[in-house]
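Scroll down for the structure; my scribbles are underneath it.
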Ligand code: MLT
């Protein structure tokens, strides 16, 4: 059996595949075309960011599974996989804590203006009289998308003294009650909360969910986005922060990655950006690599592949 790994993953995941006796080919510079060129005799494909399109499945008569070392599978054409009888699997848990911690970290960073204060200080300016930080405790945070990441984020905000409300059309009232989170319609949430924290997955329903009109409707101070680019209208958010209507934003994910040099966020002082680091802790990288590799092993051994 041959497994192709198209993005860097932790050695622990590669070891899992080699221990199972597979031929493991790593090609970390490959793009979709390159995958198509070498997919014919591949049985398992392990990816992170590489786009796996319908053309890949068409060229892959022996492929049994595409496994992603991460949560989102938006880079994999799932209907095409289904048409070709290929399993799509992910690693749904291993990086959730890392992403939740970055979300909370960005919220404090943005509200406290640490990067701006640091920059001014190293440039020789003592800006003490000019900077007034905001306290998160006592604010209301509105979480968009109360899945696994949204729940981890909500629990942390709750324990930090914020009131937590959420928009998630797929979550039942019972589960929200158990979590002590009030579910609101999106418009009401936007008009009510101080901090908007976007944790939804990117799907056809969530693409563009926080558009120009929603940014306009948002009456709070801060926006944090750490799940997937494409959900928030980036020019509209940049404009709202630049004008001072929204005090600040913390963003880890972009509609195109890496974002272009002239991306609208890049010139706005109060938008703090990071390069999709949500899952980039050592623990999380080991966790997701091992889970994704185990999914491949299970599929190629004819055992159950579970995404839950
Ligand atoms: C994920 O989907 O789990 C994260 O965005 C991780 C990543 O792609 O680096």
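FYI, it's all coordinate maths here, none of it is from the lab. On a predicted model such as this, the values are computed, not experimentally measured, just so you know. So basically every Cβ, Gly included, is an ideal-geometry build from the backbone, and we count neighbours across all protein chains shown.
What the table shows:
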{"quantity": "Segment residue 41-residue 192, extension gain: residue separation times 0.36 nm, minus the distance between their alpha carbons", "calculated": "48.9 nm"}
{"quantity": "Modelled FRET efficiency - R0 25 Å, residue 178 with residue 219, Cβ distances, 0.05 increments", "calculated": "0.30"}
{"quantity": "FRET efficiency estimate (nearest 0.05) - Cβ-Cβ, residue 19 to residue 282, R0 25 angstrom", "calculated": "0.75"}
{"quantity": "All-pairs Cα distance distribution in region 107-261, expressed in whole percent, bin size 5 Å", "calculated": "2, 9, 18, 21, 20, 14, 8, 4, 2, 1, 0"}
{"quantity": "Centre separation in Å (Cα based) which lies between region 1-75 and region 243-266", "calculated": "31 Å"}
{"quantity": "C-alpha center-to-center spacing [region 96-125, region 191-220] in angstrom", "calculated": "22 Å"}
{"quantity": "GNM flexibility winner over the chain from 98, 176, 107 (Cα, springs under 10 Å)", "calculated": "176"}
{"quantity": "Between 0 and 90°, nearest 10: helix 148-159 axis offset from the chain longest Cα axis", "calculated": "30 degrees"}
{"quantity": "Net length gained if the chain between residue 306 and residue 274 were fully extended (0.36 nm per residue, minus Cα distance)", "calculated": "8.4 nm"}
{"quantity": "Separation of alpha-carbon centers, region 269-302 and region 151-180, rounded to whole Å", "calculated": "24 Å"}
{"quantity": "Fully extended contour minus Cα-Cα distance, from residue 58 to residue 257, at 0.36 nm per residue", "calculated": "69.0 nm"}
{"quantity": "Sorted by Cβ neighbour density within 10 Å, fewest at the top, the residues 276, 118", "calculated": "118, 276"}
{"quantity": "Degrees, to the nearest 10: 96-112 long Cα axis against longest axis of the chain", "calculated": "20 degrees"}
{"quantity": "Sites residue 148 and residue 118, calculated FRET efficiency, Cβ-Cβ separation with R0 30 Å, nearest 0.05", "calculated": "0.40"}
